[in-house]
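The values are calculated or read from the model by the stated rules, or taken from the named source; none is laboratory data. Here the structure is a predicted model, which is why all the values come from computation and not from measurement. As a convention, Cβ positions derive from the backbone with ideal geometry for all residues, glycine included, and neighbour counts pool all protein chains shown. Side chains are part of the model used for accessible areas, which takes the heavy atoms of the whole protein and leaves out ligands, DNA and RNA. Shrake-Rupley method; radii C 1.70, N 1.55, O 1.52, S 1.80 Å.
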Amino acid sequence: MAKRVFIDGEAGTTGLGIRARLAAEPGVTLLSLSDARRKDEGARRAAMAEADLAILCLPDAAAREAASLAASLGAAAPRLLDASTAHRVAEGWEYGFAELSPGQAARIAGASCVANPGCYATGAIALLRPLIDAGFLPPDHPLSITAVSGYSGGGRAMIEAHEAAGGPAFEFYALGLEHKHIPEIIRHAGLARRPIFIPSVGHFFQGMLVAIPLFLDDLPGRPTGDDLAAALAAHYRGQELVEFAPAEETGRATAEIPGGSDVMTLSVYASAAHRQAVLLARLDNLGKGASGAAVQNARLMLGLTAPASRARETADVG
């Protein structure tokens, strides 16, 4: 019997991407509401009661209200997958980064409520958590994280601004150091000290780089770049949607990912002479950073066993 999925907020960028991916999944039936009924609480509640899984693609406050609406159904409540920031560090919600640690995919598969990770957080946690678990990086080590994203990650207003004549070529933002992804990076990377996080947006539609510089002599055991690379490669060996790749000999990395991909690539750029390294994650902010990750989690929660595509194209949401 087909699994029924209701996307609450399917008209937004992430919701459209999820819908396009799930529409191609065998064994899934999508439940939809007309434009006139999408904000009708009774209609949404009825759709949730019919669904096996409700995916929340809403602002944080609305996502919390939707979770309460689902809970009011009692035994008829669907399982929930929240794409907002609202529940990423909330008790009772499993974190939806399947490659986080051994057994995480199974925990997602068995959870009633799963919080989809943030795009920047996905790259940062993917780089940091294995090195902390392996003892190369102390949880209280001072860290600086810089990142750049395509403008599609900023929602409708940012998309319209960048696609208008004269849209900004590049901009830093959240320079008040209060970006909403910081709490989940701290919690799920296993940090004991708040990192400095500096995000930015470039004048390209989709793609993302997350970079973390390190002074190798300041780390326990004074590891080499090869040591860090080996730890990351070992952690993600055999994973479908996270891969380790050697650093490019050019010393360059581009954030833009035309056409999109659900695969995140990790690398370590290092200088043996200067005892410095840069951890780098490259991902699609609409793929593994948003809709692709949500579908990966949905498939786990629904028990869909066919392997995920390594290069599934992002939906055309422009």
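Only loop residues by DSSP count here, and only those with at most 13 other Cβ atoms within 10 Å; note down the trypsin sites (Lys or Arg not before Pro) in segment 116-203 that meet that.
Numbers: sites: ARG156, LYS180, ARG187, ARG193; in loops: LYS180, ARG193.
Those satisfying the criteria are ARG193.
If you count only protein heavy atoms and use a 1.4 Å probe, how large is the accessible surface of SER291, to the nearest 10 Å²?
My reading of the accessible area for SER291 is about 0 Å².
Looking at the chain only, what percent of DSSP beta bridges run antiparallel? Nearest 5 please. Please list the in-between numbers first.
Details: 23 of 50 bridges.
Percentage antiparallel, nearest 5: 45.
If you roll a 1.4 Å probe over segment 5-154 with all protein chains in place, what percent of the accessible area is carbon or sulfur? Write out the running numbers ahead of the final one.
On the way: 2930 of 5560 Å².
Carbon and sulfur: 53 percent of the exposed surface of segment 5-154.
Using a simple spin-label model with points 7 Å from Cα along the Cα→Cβ vector, what separation in nm is obtained for GLU65 and THR224?
Distance between the two pseudo-spin positions: 5.8 nm.
Around VAL210, what is the net charge, scoring Lys/Arg as +1 and Asp/Glu as -1 over all other residues with Cβ under 14 Å from its Cβ? Let's see the in-between values first.
Working: positive: ARG129, ARG282, LYS288; negative: GLU184, ASP284.
So the surrounding residues net to +1.
Grab the Cα-Cα distance for THR250 and SER34, subtract it from 0.36 nm times how many residues apart they are, and report the gain in nm with one decimal. It would help to have the intermediate numbers written out before the result.
Details: separation 216, 0.36 × 216 = 77.76 nm, distance 5.06 nm.
Length difference between fully extended and current span is 72.7 nm.
May I ask you to compute the full-extension gain from THR146 to ALA76, defined as 0.36 nm times their residue separation minus their alpha-carbon distance, rounded to one decimal in nm? Could the numbers behind the result be given before it?
Numbers: separation 70, 0.36 × 70 = 25.20 nm, distance 4.35 nm.
Between THR146 and ALA76, full extension yields an extra 20.8 nm.
Given the Cα-Cα distance of GLU178 and ALA11 and 0.36 nm per residue of separation, how much length would full extension add, in nm?
Working: separation 167, 0.36 × 167 = 60.12 nm, distance 2.79 nm.
That pair, GLU178 and ALA11, stretches by 57.3 nm at full extension.
What's the local net charge at VAL268, with K and R +1, D and E -1, over the other residues with C-beta under 12 Å away?
Values: positive: none; negative: ASP226, ASP227, GLU248.
Counting the neighbours of VAL268, the net charge comes to -3.
Around LEU191, what is the net charge, scoring Lys/Arg as +1 and Asp/Glu as -1 over all other residues with Cβ under 14 Å from its Cβ?
Values: positive: ARG129, ARG187, ARG193, ARG194; negative: ASP133, ASP140, GLU184.
Combined, the nearby Lys, Arg, Asp and Glu give +1.
Any idea which of ALA245, PRO59, LEU69 is furthest toward the positive side of the dipole for the chain, if Lys and Arg beta-carbons carry +1 and Asp and Glu beta-carbons -1?
LEU69
Grab every C-alpha pair in segment 212-276, bin the distances at 5 angstrom width from 0 up to the longest one, and report whole percents.
Histogram of Cα-Cα distances, whole percents per bin: 3, 15, 23, 23, 19, 11, 5, 2, 0.
Compute the helix-to-body angle for 60-71: its Cα long axis versus the longest principal axis of the chain, expressed 0 to 90° and rounded to tens.
For 60-71 against the chain, the angle is about 50 degrees.
Treating only the Cα positions of segment 167-248 as identical point scatterers, give the base-10 log of I(q)/I(0) from the Debye formula at each q in 0.27 Å⁻¹.
Ignoring solvent entirely, the Cα scatterers give -1.28.
Could you sort TYR269, TYR151 by accessible area so the largest value comes first, with the probe set to 1.4 Å?
Details: TYR269 45, TYR151 25 Å².
Output order, biggest surface exposure first: TYR269, TYR151.
Put a dot 7 Å past each Cα toward the Cβ at ALA106 and ALA164; how far apart are the dots in nm?
Output for this residue pair reads 5.3 nm.
ASP217 versus GLN276, label points 7 Å from Cα toward the beta carbon: distance in nm?
Between ASP217 and GLN276, the label points sit 1.3 nm apart.
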